[in-house]
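Since the structure comes first, as structure tokens, the remarks are kept for the end.
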């Protein structure tokens, strides 16, 4: 079978040691739908790809769609601890505000990636 998005999803499933039915259930797909698409070398919809990326955020979206790059996204912690004394001086409220701001920025970054990938996929589908 040629390397495509479905085969890369299968590669991820094998890597994680999870079942196809677990992926289907977690990503909100009907029972047997992914297995059928994989067996018949069909395509997968953008909505299902988005669900898979949402449920399995460690999957590198670029790798999933194009096969380029690493399968797994290495998460970088944006939060860096100052010295223990400086850290102790911060109130919990300020700490939480900073963590929330960092998470919000990460969410915006991921949404931009999803939007870019959605556009790329739509262009690919139109070109077929």
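The values are calculated or read from the model by the stated rules, or taken from the named source; none is laboratory data. In this text, all values refer to a predicted model and were calculated from it rather than measured experimentally. A quick note on method: Cβ atoms are made from the backbone with ideal geometry, for glycine too, and the neighbour counts reach across all protein chains shown.
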Exercise. Would segment 31-49 turn up any residue that is crowded, with 18+ Cβ neighbours inside 10 Å, in contact (Cβ under 8 Å) with a residue 40 or more places away in the chain and under 28 Å from residue 126 (Cα atoms)?
Worked result: yes
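List the helices (runs of 4 or more DSSP H) inside segment 1-90, counting only whole elements, that have at least 1 residues being at pLDDT 80 or above and either within 18 Å of the chain's Cα centre (by Cα) or assigned by TED's automatic domain parsing to the domain that holds residue 121 (or both). Working first, answer last.
Numbers: elements: 5-16, 20-26, 33-39, 46-55, 61-66, 84-89.
The helices (runs of 4 or more DSSP H) meeting that bar are 5-16, 20-26, 33-39, 46-55, 61-66.
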Exercise. Which residues, counting only those in segment 50-73, are surrounded by 13 or more Cβ atoms within 10 Å (Cβ to Cβ) and more than 16 Å from residue 109 (Cβ to Cβ)?
Worked result: 51, 52, 55, 56, 63, 64, 65, 66, 67, 71, 72
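Could you tell me how many of the residues in segment 1-11 are out of contact with any helix residue (DSSP H, G or I) (no Cβ under 8 Å at 6 or more places or on another chain) and free of Cβ contacts under 8 Å to residues at least 60 places away in the same chain? Before the answer, list the steps.
If we filter segment 1-11 for residues that are out of contact with any helix residue (DSSP H, G or I) (no Cβ under 8 Å at 6 or more places or on another chain), which is where we start, we get 2-4, 11.
Then keep just the ones that are free of Cβ contacts under 8 Å to residues at least 60 places away in the same chain; that gives 2, 4.
Summing the residues that are out of contact with any helix residue (DSSP H, G or I) (no Cβ under 8 Å at 6 or more places or on another chain) and free of Cβ contacts under 8 Å to residues at least 60 places away in the same chain in segment 1-11 gives 2.
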